[in-house]
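First the structure, in the form of structure tokens, and then the observations on it.
The values are calculated or read from the model by the stated rules, or taken from the named source; none is laboratory data. Only a predicted model underlies this, so the values are computations on that prediction, with no experimental measurement involved. Please note: Cβ atoms are built from the backbone with ideal geometry, for glycine as well, and neighbour counts cover all protein chains shown. These accessible areas exclude ligands, DNA and RNA; they are computed on the full protein's heavy atoms, side chains included. Shrake-Rupley method; radii C 1.70, N 1.55, O 1.52, S 1.80 Å.
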Amino acid sequence: MTSPGMGTYEFNPKSILDSEQYPDILNYLNSEQIQTMFNVLAQQPNNSQLVNKKGPLGGYTALHWMAIKNELDLLKFLVVECRADVNCKANLG
């Protein structure tokens, strides 16, 4: 898998969650990969911290990226299963 400025890598949900590029990297993943990653995220003890983490590209969270990608089922999963902060704002509001 390749993404601009991030090189080539194998899909590894845990390492993606731990990377500096999370959650912005969600923009480059397909729905199946994102669902797999969110299933891993839901198992993490600090998942609310990870799910509400702001990325370096504008301060978007995973919830913002799922809204941008129109992934309604994944939006619901983030809110219900991972307790995403629905009031979190990106850097520009």
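Report yes if Tyr22 is under 14 Å from the mean Cα position of the chain (by Cα) and either open to solvent by 60 Å² or more (accessible area, probe 1.4 Å) or among the charged types (D, E, K, R) (or both), otherwise no. So Tyr22 fails the test.
Of all the residues in the stretch 37-69, those that are over 17 Å from Ala90 (Cβ atoms) and open to solvent by 60 Å² or more (accessible area, probe 1.4 Å) number 5. Figure legend. Inter-residue proximity from the stretch 52-63: first residues within 11 Å of Tyr22 (Cβ to Cβ), second residues among the acidic types (Asp, Glu) and part of a loop (DSSP other than H, G, I, E, B), beta-carbon distance below 9 Å, spacing 6+ or different chains. Indicated pairs: Gly55/Glu20; Pro56/Glu20; Thr61/Asp85. Test Glu10 against the stated conditions and say whether it is part of a loop (DSSP other than H, G, I, E, B) and exposed (fewer than 11 other Cβ atoms within 10 Å of the Cβ). Here the answer is yes, as Glu10 does meet what is asked.
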